[in-house]
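The values are calculated or read from the model by the stated rules, or taken from the named source; none is laboratory data. Since we're looking at a predicted model, the values are computed, not measured. Ideal geometry is used to build each Cβ from the backbone, glycine not excepted, and the neighbour counts take in all protein chains shown. The accessibility values were calculated without ligands, DNA or RNA, using every heavy atom of the protein model including side chains. Shrake-Rupley method; radii C 1.70, N 1.55, O 1.52, S 1.80 Å.
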Amino acid sequence: MSSLSRFFAAQDMTEGTPWKKIVSFAIPLLIGNIAQQLYNTADSVIVGKYVGDLALAAVGGCGPTLNLLIVLFVGIATGAGIMVAQYFGAKQKEELSYSVGTCLTLTGIASLIMMVLGTLAAPPLLRLLDTPVETYDMCVAYMRIYFLGIAGMGFYNIPSGILRGLGDSLSALKYLIVAAGLNIALDLLFVAKFGMGVPGVAIATIIAQFISASLCLRKLFAMRDVMHLRKEHFGLNKRYAKQLVKLGLPSGLSQAVMSCSGLVVQSLTNSFGAAFVACNTIVMRIDGFVMMPNFSFGNAMTTFTGQNVGAGDIDRVRKGAKSGTALAVGTSAVLVACIIFFGPTLMGLFTDTPELIEMSTLMMRILAPGYIAFAVTQCMGGVMRGAGDTTTPMWISFFTTIVVRVPLAYLLAYLTRSDANPTGDPRTVFLSQLIAWLAGALVNFIAYKKGKWSRRLKNIENHAVAAD
């Protein structure tokens, strides 16, 4: 095995130097996130170039609705990753096999539900969101095809979460890269060569997802040194299903609330005019890349904590939390410095309009300190989720989104209305986001220090002492 393969191989995170384990696990996640971002960008470029602006708007306009409808998968994937990490860390192979089998069975059930719900709910949801009539039919066609093949997405994302819980972030990365490359090739074939338009993009996506899903499942069944999946493991075991729902439901609800709040804030964004909407698009594309290290370290902390909680090594959890947060904060600080000093150059990659470059740079600099705060949020939240406390991060997410971000955006916009800005100062959209991120970091840190996740770990320590 090469040194690179060993660096990225499936790993037991209960041994070795914590920060090295966290970094070696987070790097493939980061590369995967970049691949996912490029995957989405390539889709937009191809459909925009070969079909036109309306098709581009149709594919992009489906995003918020899709995010709202796939919360079931988000919940199962999160719960699966935490549950298998804990059983893997505890070296309980039979329990691990039952948990994986139950996760896969629930994925099949969720896929059927989402296939029916998505195809039926897509048209009324698109009408509710005032989808332009010029793109409505294309949006409906895209979403119906997407949801008919939703099982491919489910059986890629959930097994990927299981693999990450087992410490194998490389396999999920490899399969994502395969899916991304195949999707781009099929996009070019179906859209550019065969002229299939928006439906061609949807078909390319589901084919790529089914291929990556089959690779993920093949990998899971081949991991006989870790678990041995048999027929009896795939029953809908009440114990493991209940545990999965308990761990995953809060994350699914958090995703649903964030998706809904995004739709509400988008309405405010639209009120500031086309130029600001374009500015927001540029900022969000840069934001997608800047956020990647935070999400990668957050996921790494969840797996690291889950495995070490399973192993009962609480001191290692605390050491890893400090190391992981320091790494995430340091990485974010470097990216923030790049935003501050090279902002105009970054924005110039998207537009040649000086006014738009200037506006986007200003908005990005408003957000910049928030990325450091969000690094704390992701790592502290990752530790709590890995310890089995998924409800505290959920309530914090609800607080920062529902209580802080959305009301504050509208309040600040109302208070800054003027003759020059009759709907308010556009900067308030990003200022409210910054304040929400700062509040979230503070509350997550307090919860990490005093929350129920630490009491859970103290109970584990007490049981270990009593056993000795």
Enumeration of residues in region 160-208 that are under 18 Å from residue 103 (Cα atoms) and either outside any helix (DSSP H, G or I) or of a type outside the set (Gly, Ala, Ser) (or both): 162, 163, 164, 166, 167, 168
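Applying the selection to region 396-427, what residues are closer than 16 Å to residue 248 by Cα and either free of Cβ contacts under 8 Å to residues at least 24 places away in the same chain or not hydrophobic (A, V, I, L, M, F, W, C) (or both)? Spell out the reasoning first.
First, pick out the residues of region 396-427 that are closer than 16 Å to residue 248 by Cα: 396-398.
If the condition is that a residue be closer than 16 Å to residue 248 by Cα and either free of Cβ contacts under 8 Å to residues at least 24 places away in the same chain or not hydrophobic (A, V, I, L, M, F, W, C) (or both), then 397 is the only one that fits.
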Cross-chain or 6+ apart pairs with Cβ under 9 Å, region 333-349 first and at negative phi, then basic (Lys, Arg) and not in a helix (DSSP H, G or I): none
Top-ranked residue of region 98-151 - restricted to ones that are open to solvent by 20 Å² or more (accessible area, probe 1.4 Å) and outside any helix (DSSP H, G or I), ranked as nearest to residue 84 (Cα to Cα): 129
Cβ-Cβ under 7 Å pairs, at least 6 apart or on other chains, region 431-451 side under 17 Å from residue 294 (Cα atoms), far side open to solvent by less than 50 Å² (accessible area, probe 1.4 Å) and of a type in the set (D, E, K, R): 433/405; 436/405
Of all residues making up region 180-206, the number that are buried (at least 17 other Cβ atoms within 10 Å of the Cβ), hydrophobic (A, V, I, L, M, F, W, C) and touching a Gly at 6+ places or on another chain (Cβ under 9 Å): 6
Criterion (in contact (Cβ under 8 Å) with a residue 60 or more places away in the chain and buried (at least 21 other Cβ atoms within 10 Å of the Cβ)) met by exactly one of 369, 393: 393
Checking residue 64 against (1) more than 30 Å from residue 232 (Cα to Cα); (2) at pLDDT 70 or above, the condition it does not meet: (2)
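Return the only residue of 359, 364 being surrounded by 21 or more Cβ atoms within 10 Å (Cβ to Cβ), more than 23 Å from the chain's Cα centre (by Cα) and touching a residue at least 24 places away in the same chain (Cβ under 8 Å).
Working: 364 fails: more than 23 Å from the chain's Cα centre (by Cα).
After ruling out the rest, the residue left standing is 359.
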Condition check for residue 330: closer than 15 Å to residue 296 by Cα, without any contact (Cβ under 8 Å) to a residue 24 or more places away in the chain, of a type outside the set (Phe, Trp, Tyr) and in a helix (DSSP H, G or I): yes
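Residues are listed down the side, and each one gets a yes or a no for (1) in contact with a strand residue (DSSP E or B) (Cβ under 9 Å, 6 or more places away or on another chain); (2) at pLDDT below 85; (3) buried (at least 19 other Cβ atoms within 10 Å of the Cβ); (4) within 24 Å of residue 358 (Cα to Cα):
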| residue | (1), (2), (3), (4) |
| --- | --- |
| 266 | no, yes, no, yes |
| 275 | no, yes, no, yes |
| 279 | no, yes, yes, yes |
| 283 | no, yes, yes, yes |
| 293 | no, no, yes, no |
| 307 | no, no, yes, no |
Boolean, residue 415 is at pLDDT 95 or above, surrounded by fewer than 18 Cβ atoms within 10 Å (Cβ to Cβ) and more than 21 Å from the chain's Cα centre (by Cα): no
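Could you count how many residues in region 240-279 are in a helix (DSSP H, G or I) and free of Cβ contacts under 8 Å to residues at least 60 places away in the same chain?
Counting residues in region 240-279 that are in a helix (DSSP H, G or I) and free of Cβ contacts under 8 Å to residues at least 60 places away in the same chain gives 5.
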